[in-house]
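Structure, as structure tokens:
The values are calculated or read from the model by the stated rules, or taken from the named source; none is laboratory data. Predicted model only: the values in this text are computed from it and were never measured. Cβ coordinates were reconstructed from backbone atoms using ideal geometry, including for glycine residues, and neighbour counts include every protein chain displayed.
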Amino acid sequence: MQKTFSFKISISKTIKSALQFFSGFALLLSLISPALADNQDIVMQAMQDEMTRSMDRLKLNGHSGPYFISYTVTEYDTLRLAASCGALTDNSRSRWRGLKVDVREGDYHIDSSHFAPRQAASYATALASNLGSPVTADNNYDALRYSLWLRTDAAYKAAIKNLQAKKNYLEQNNVAERPDDFSKETPTVSIEKPLKLTIDSNHWQSVIKSISNVFRNYPAIQRSVVTLTASDVTDWMVNSEGSRIRKSENQYLLLVLASIQADDGMQLADSRVFCANFESDLPKQDEIIRAVKEMNDNLIDLKSAHLATEYCGPLLLEDQSAAEFINQTLRHNLSHAEETLVGADNSLSGRRSQLKDLIGQSILPSFITIIDDPITEKFGGQSIVGGHKIDDDGVPGQKIVLVDKGILKTFCTSRTPTLFTKNSNGHSLNGIGEASILYINSDNQLNSKQLKEKLIEMGKKAGLKSVMIARRISTYDSGLFNPGSLIADARANGGSSGLFVRSPLLLYSVSVDDGHEELVRGAQFGPISMRVFRDIACTGNEPKPWFTLSLEPSGLAYYHLVTPSLLLGEVELHQPGKETDKLPIMSSPLSEK
């Protein structure tokens, strides 16, 4: 720890002697505690000093010391604004830091990771731990060292316990072809200049109040809110292998949520999300208001739309629905394919990929290739978010081909090896391999008119009177205003082994005779398996970037996904359930103005 000295200086000393003394004293302090010599990065110095001390001296009798330690401190400097019906409901600014400590006992082949005792933590606790435990937001060297010391000590003791339990389990059970627990990677040194959150708060207060004021002209809308979260996020990371990283980025997220209730009580919710890494990349107020009015008009139309009926046949996913379908079904299956030992608490390690045993096999038509490129910053002149230069394990991000002409080639990986991937490809999110910016490329493209004609042709061959087009699928964030729909969708198509996908929100029944479209509501996807991707008939010819939010085992993830429209060969859609919510006793007071 940093030492404190006190000195008495005789007033009889000459000014020259005093200056020489203080000069020497400063040099002495810089040698004893380098933190004082680098006022610009107290956080990094405290982490490095405690790391060195722990690797040298942390050892419990009868056990070796840790072979690997990693510290990550993440600071959020955040402005939150919210408005409803033209009035501001939140205007707050906060700074918060979280500390994550990874201490591993053992070696790269077998260590203490991925083997927490059963019921050690709930899934919600695992998600919360990804933010890290709170640590001082001040650049106070002693306070940081104190927190690092205590949490390193606790993590080391837990690592000893977990490693012993893991070894006991492996002695009593045969585990075939078990991969190493941790990959060896080249250390990364990258020190970026810290950013400061720069945003015109008064301007954006006016903007979100104006956006929320739009809902006053839609009295049928029951609930609405407009929020803006602007954050400067800075990460410091050091590990015992020699990595030393400081990275910083700004994040701007504007979210509009709204819900309406049909006359039969069915709840319907939708959202619009705008995200950027630079304030200047956020849409202008007029553009956002146009999007919100379109959303509200769609909800009004849905309110009086006919109920969907049972359907099994081809489905055309246009625009946002194509991106959201890929996001909710395929994305996580291209991510974190590592296996967890049966004796461990699986809730701490993420979902099992349904593709994990299919490396080298066909999972998509031969005309589709999927690329993940976390380094991308623009597509077609539009800024996109969700990428990274260096991942959360300190490994540089890499552009990878996940699926080549329909053949599964690899997964997005962290430093946790699998049977098919021995090293990280720079896609760690909180220690778990996650896809970042996916590009769906196709060699079998049709324009929008041709896609609809192809859909109708497929319907006629199947003997159907109508076929279906989805133009919007419900998102995770819209579930905030309609949580019951999340549970209903999971029951309808998730199950124990199926793919979970939210219900189609804007769904149109298309007559195969004349192409007439009718909006229907309440449909839910039936059971869906990975087989659905093998039956993609063709795609659109205009791939676009679509922003998506997703709640993953590693935490809340957000990114753009670049995809064209998709024509699926066969999908089941079920009619809605019979249970609905009661309508309000009285109408909205806005309707009486």
Of (1) crowded, with 20+ Cβ neighbours inside 10 Å; (2) assigned by TED's automatic domain parsing to the domain that holds Asp373; (3) hydrophobic (A, V, I, L, M, F, W, C), Leu257 fails just (2)
Filtering strands (runs of 3 or more DSSP E) wholly in the stretch 190-284 for at least 1 residues that are of a type in the set (Lys, Arg) and more than 21 Å from Asp391 (Cα to Cα) gives 223-239, 267-276
Filtering the stretch 429-465 for residues that are in a loop (DSSP other than H, G, I, E, B) and touching a residue at least 24 places away in the same chain (Cβ under 8 Å) leaves a count of 12
Wholly inside the stretch 505-593, strands (runs of 3 or more DSSP E) that include 3 or more residues that are buried (at least 19 other Cβ atoms within 10 Å of the Cβ) are 536-540, 544-552, 555-563, 566-574
Listed by first then second residue, the pairs whose first member lies in the stretch 210-225 and is assigned by TED's automatic domain parsing to the domain that holds Gln261, whose partner is of a type in the set (Ser, Thr, Tyr) and assigned to a strand (DSSP E or B), with beta carbons under 6 Å and at least 6 positions apart or on separate chains, are Ser212/Ser84; Phe215/Ser224; Gln222/Ser259; Arg223/Ser259; Val225/Ser84
In this structure, does Arg246 turn out to be touching an Asp or Glu at 6+ places or on another chain (Cβ under 7 Å), of a type in the set (Lys, Arg) and surrounded by 14 or more Cβ atoms within 10 Å (Cβ to Cβ)?
yes
Residue hits (the stretch 558-576; over 30 Å from Ser428 (Cα atoms) and under 23 Å from the mean Cα position of the chain (by Cα)) are none
Subset of the stretch 94-130, residues polar (S, T, N, Q), outside any loop (DSSP other than H, G, I, E, B) and at pLDDT 65 or above, comes to Ser94
- at pLDDT below 95, assigned by TED's automatic domain parsing to the domain that holds Val532 and in a helix (DSSP H, G or I), is that true of Arg502? no
Restricted to the stretch 329-352 and to residues being part of a loop (DSSP other than H, G, I, E, B) and surrounded by fewer than 20 Cβ atoms within 10 Å (Cβ to Cβ), the residue modelled with the lowest pLDDT is Asp345
Flagged in the stretch 258-295 as under 18 Å from Thr580 (Cβ atoms) and either basic (Lys, Arg) or touching a Lys or Arg at 6+ places or on another chain (Cβ under 9 Å) (or both), in numbering order, are Ser259, Ile260, Gln261, Ala262, Asp263, Gly265, Met266, Leu268, Ala269, Asp270
Being closer than 20 Å to Val385 by Cβ and either in the same structural domain as Ala557 (by TED's automatic domain parsing) or at pLDDT below 95 (or both) narrows Ile407, Ile440 down to just Ile440
